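Take a look at the structure below.
The values are calculated or read from the model by the stated rules, or taken from the named source; none is laboratory data. These numbers were taken from a predicted model, which means no experiment stands behind them. Cβ: placed from backbone, ideal geometry, glycine included. Neighbour counts: every protein chain shown.
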């Protein structure tokens with residue numbers, strides 16, 4: 001088994017000199033939100049415009065280098081807040097990307113995380129020149145291998161949604177069955193029969209009937225639902 005061999009150069013900024021090249025670690029956040037209306041997909045993803053090389057002025061996912069005293073998850077949360085002002089109410093690691101030449105600066109391994117949020121108010125800061133929501137079906141050219149990361153994130157989101165009601169991090173606290181169906185159709189890129197979809201969702205046990213269509217509202221007014229706290233796998 002090979003072991004790292006290093007020397008110590010006292011007084012230098014980076015005194016440890018290793019025999020083997022060192023690998024940097026980054027964390028990226030693929031942030032999704034739900035914003036119905038218009039002709040584009042209501043499923044949105046947050047991108048930042050890079051303010052420096054490499055890929056200056058290209059769009060990319062919020063993220064950056066993980067500090068020595070951080071986990072990848074801590075680095076992802078910090079970078080997201082620094083670059084966009086957003087918190088991460090739901091964070092899920094989806095993979096590790098380690099292709100040797102994915103970053104022209106040096107060997108960089110990145111750990112991407114899915115982030116789901118209702119908050120769409122973003123402010124570009126730190127080394128991000130801009131921050132903007134894009135419809136998932138109308139993304140610009142992305143920096144690095146972020147297109148590949150995006151495809152992996154969508155696939156992971158679809159798989160997670162089978163077991164957990166992750167839509168509760170995207171929908172408002174009170175929502176209609178139509179809104180829930182619109183979200184599912186945007187994520188899975190398919191249409192559902194209205195009655196069959198409602199029957200299936202109600203059978204999960206995750207929904208409370210808000211009763212908001214029972215008092216002083218027309219009989220055809222849609223029922224409003226809330227998420228049933230305590231009845232989930234998260």
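Descriptive notes on the structure:
- Verdict on residue 55 being in contact with a helix residue (DSSP H, G or I) (Cβ under 6 Å, 6 or more places away or on another chain) and surrounded by fewer than 20 Cβ atoms within 10 Å (Cβ to Cβ): no
- A single member of 38, 64, 75 is within 13 Å of residue 127 (Cβ to Cβ), assigned by TED's automatic domain parsing to the domain that holds residue 124 and either in contact with a strand residue (DSSP E or B) (Cβ under 8 Å, 6 or more places away or on another chain) or at pLDDT below 95 (or both), and it is 64.
- In segment 117-140, the residues that are touching a helix residue (DSSP H, G or I) at 6+ places or on another chain (Cβ under 8 Å) and closer than 19 Å to residue 40 by Cβ: 117, 118, 122, 131, 136, 139
- So residue 92, is it touching a helix residue (DSSP H, G or I) at 6+ places or on another chain (Cβ under 9 Å), in contact (Cβ under 8 Å) with a residue 60 or more places away in the chain and over 24 Å from residue 141 (Cα atoms): yes
- Among the residues of this structure, residue 217 does not count as one that is assigned to a loop (DSSP other than H, G, I, E, B), at pLDDT below 95, closer than 30 Å to residue 96 by Cβ and not assigned by TED's automatic domain parsing to the domain that holds residue 59.
- Criterion violated by residue 80 - all others in (1) surrounded by 17 or more Cβ atoms within 10 Å (Cβ to Cβ); (2) farther than 14 Å from residue 126 by Cα; (3) out of contact with any helix residue (DSSP H, G or I) (no Cβ under 6 Å at 6 or more places or on another chain) satisfied: (2)
- Pair list, Cβ < 7 Å and 6+ apart or interchain, from segment 74-88 residues that are at positive phi to residues that are surrounded by 15 or more Cβ atoms within 10 Å (Cβ to Cβ) and outside any helix (DSSP H, G or I): 85/122
- Residue in segment 186-199 that is crowded, with 19+ Cβ neighbours inside 10 Å, farther than 28 Å from residue 78 by Cβ, in contact with a strand residue (DSSP E or B) (Cβ under 8 Å, 6 or more places away or on another chain) and modelled with pLDDT of 95 or more present: yes
- Scan of segment 118-142 for residues that are surrounded by fewer than 20 Cβ atoms within 10 Å (Cβ to Cβ) and under 16 Å from residue 83 (Cα atoms), ordered by number: 119, 120, 121, 123, 124, 125, 126, 127, 129, 130, 132, 133
- Taking helices (runs of 4 or more DSSP H) as the structural unit, those lying wholly within segment 104-214 and holding at least 2 residues that are in the same structural domain as residue 57 (by TED's automatic domain parsing) and on the phi < 0 side of the Ramachandran plot correspond to 146-163.
- Of all residues in segment 104-117, those satisfying the criterion of being touching a strand residue (DSSP E or B) at 6+ places or on another chain (Cβ under 9 Å) and surrounded by fewer than 19 Cβ atoms within 10 Å (Cβ to Cβ) are 105, 106, 107, 109.
- Matching residues in segment 26-42 - criterion: being under 20 Å from residue 146 (Cβ atoms), out of contact with any helix residue (DSSP H, G or I) (no Cβ under 8 Å at 6 or more places or on another chain) and assigned to a loop (DSSP other than H, G, I, E, B): 40
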